[in-house]
Amino acid sequence: MPVPIRRLCVALTLCCALLAGTTACGNGADTSTNTTKATAAAAAREAATPVPSTSAERQKFAKTRFVANAGLAAGATYQWIVKPWKAGKFKKGAKGRKLALVKAGLAGAFAYNRLKAAQKNAKGDPLLSKALAPLSAGIDSLKNLPAKLRKGDGNAVNSFDDVINQVKDAGKSAGAPVKNQVPSASQLSKG
């Protein structure tokens, strides 16, 4: 495929300008290309190095991330676990039971993942860290929810709801109130 002449002229002009600029910037001393490359590499590293945030910013972002993750976990739990359970969708012989169990299993895995992320975020804030410390065993116990739901264990839903409410209360006491945010189907499937 032929290249238009105008593009070739522009490319040639830019190359000449860059070449003239690099030779004009020389100080007349004998410099090697290795030191020039090393200097350019060092400048690129400095420009690419992220500037660390202050401890106050880290704490603020930790609270924000905590609220988002805990809110998504609470929304998924309520929408796809608590509401169907109250409607009797998990009982044997109920219409739509299999679909409700699949959704509840996905929601349970998603909520567990988001609660673990919220727990990790809470470590960036001293108040949240203290408030969530006693809840780590409760969060870890939520791994087995799908198996308990399949067996028809109604206490599994109650324990999941209780842990979510305890996380919400801990966030509220630390100045980070959590509101339910129902995740989209794509968020739910990604985990």
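All of the numbers you see were taken from the coordinates with simple rules; none came from a lab. Remember, predicted model here, so these are calculated numbers, not experimental data. Methodologically, a virtual Cβ is constructed for each residue, glycine included, from the backbone with ideal geometry; neighbour enumeration extends over all protein chains shown.
Tabulated results
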quantity	calculated
Filtered trypsin sites (Lys or Arg not before Pro), the stretch 85-191: DSSP coil and at most 12 other beta carbons within 10 Å	Lys91, Lys92, Lys95, Lys151, Lys179
Ala137-Asp169 pseudo-label distance in nm [points 7 Å out on the Cα-to-Cβ vector]	1.6 nm
In range of the label at Lys116: residues from the stretch 149-191 whose backbone nitrogen is under 13 Å from the point 7 Å along Cα→Cβ	191
Added length on full extension, which subtracts the Cα-Cα distance from 0.36 nm per residue, Lys95 to Ser129	8.0 nm
Å³ per residue enclosed by the Cα convex hull of the stretch 107-189	91 Å³
